[in-house]
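**Q** Sharing a structure below in structure tokens format, with a few things to ask.
The values are calculated or read from the model by the stated rules, or taken from the named source; none is laboratory data. Here the structure is a predicted model, which is why all the values come from computation and not from measurement. Positions of Cβ are backbone-derived with ideal geometry, glycine not excepted, and every protein chain shown enters the neighbour counts. Keep in mind that these areas ignore ligands, DNA and RNA; they rest on the heavy atoms of the full protein, side chains included. Shrake-Rupley method; radii C 1.70, N 1.55, O 1.52, S 1.80 Å.
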Amino acid sequence: SGYDPAFKNPYQTLDLEKAKALMKEAGYSEAKPLELTYETLSDSQSRQQAEFYAQNWAKIGVKLSINANTWPQFQDKIKTGKAQIFGIAWGADYPDAQNFLQLFYSKNMPPGPNDSAFSNAQFDALYEKSLTLPPSPERDAVYQQMRDIVVEEAPWMFNLHRQAYYLYHGWLNNFKFNDITRHAMYKYLRVDTQKRAELAGGL
């Protein structure tokens, strides 16, 4: 509920020259670069992502220092406001936009899930209104108003959607992975013992 297939973030475009001009307008230059510290995790994938960001931000004159952390260190910095900028993922727990919009509600600031400590009175009022509405076009319209506030205020930079791959045997039925049911899908799985025996005999 709340998904808008026609929506396109107007700010997610690549325009290096405009970005450089905006940096100059903000008072930054080669002599006075913008320096930021990016907190990430110590696994290789997180470090590679951070290095990729650093390389790209350097193109517009941003110097990005990378701090690699263990998960407890990372969480402590985020929840206590010690992380200047950081990258973190979120997967839906249930199929409703509220599951994502709650991450911008000011009453959910750390130690709650609003890790960016975003606070906007108009957003909060709309969020609270949405909680009183049943699934409906009216609620979807409220969701879209909240989405537009987040897009304009930009407490997050939306950068990627992760993909994963799964292999399973031909004798396993009802396997249909999705992020929401990942913890409960096992009760739906069924083993076709006859097919398993046939496939094993064919080796």
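**Q** Any residue that is out of contact with any strand residue (DSSP E or B) (no Cβ under 9 Å at 6 or more places or on another chain) and assigned to a helix (DSSP H, G or I) - is there at least one of those in segment 153-160?
**A** yes
**Q** Sticking with this one: Taking interchain pairs and intrachain pairs at least six residues apart, which have beta carbon atoms under 7 angstrom, with the first residue in segment 175-203 and closer than 29 Å to residue 163 by Cβ and among the basic types (Lys, Arg) and the second open to solvent by 80 Å² or more (accessible area, probe 1.4 Å) and assigned to a loop (DSSP other than H, G, I, E, B)?
**A** Final answer for the pair search is 190/174.
**Q** Hey, another quick one. Within the set of pairs 6 or more residues apart or between chains, which connect a residue that is within 11 Å of residue 66 (Cα to Cα) and without any contact (Cβ under 8 Å) to a residue 24 or more places away in the chain inside segment 20-47 to a residue that is open to solvent by 40 Å² or more (accessible area, probe 1.4 Å) and among the small types (Gly, Ala, Ser) with Cβ atoms less than 7 Å apart?
**A** Correct list of pairs: 47/68.
So that you can scan it fast, the table gives a plain yes or no per residue for (1) touching a residue at least 40 places away in the same chain (Cβ under 8 Å); (2) farther than 30 Å from residue 197 by Cα; (3) in contact with a Ser or Thr (Cβ under 7 Å, 6 or more places away or on another chain):
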{"residue": "68", "(1), (2), (3)": "no, yes, yes"}
{"residue": "71", "(1), (2), (3)": "no, yes, no"}
{"residue": "113", "(1), (2), (3)": "no, yes, no"}
{"residue": "145", "(1), (2), (3)": "no, yes, no"}
{"residue": "158", "(1), (2), (3)": "yes, yes, no"}
{"residue": "165", "(1), (2), (3)": "no, no, no"}
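**Q** Which condition from (1) open to solvent by 70 Å² or more (accessible area, probe 1.4 Å); (2) of a type outside the set (S, T, N, Q); (3) farther than 23 Å from residue 10 by Cβ; (4) at pLDDT 95 or above is the one that residue 133 breaks?
**A** It fails just one condition, (1).
**Q** Next question. Which one of the conditions (1) under 30 Å from residue 54 (Cα atoms); (2) polar (S, T, N, Q); (3) surrounded by 12 or more Cβ atoms within 10 Å (Cβ to Cβ) does residue 163 fail to meet, given that it meets all the rest?
**A** (3)
**Q** While we're here: Say we look at segment 6-58 and pick out the residues that are of a type in the set (Val, Ile, Thr) and farther than 15 Å from residue 160 by Cβ; which of these is surrounded by the most Cβ atoms within 10 Å (Cβ to Cβ)?
**A** 37
**Q** Counting only residues that are surrounded by 12 or more Cβ atoms within 10 Å (Cβ to Cβ) and of a type in the set (S, T, N, Q), which one in segment 166-186 is farthest from residue 93 (Cα to Cα)?
**A** 173
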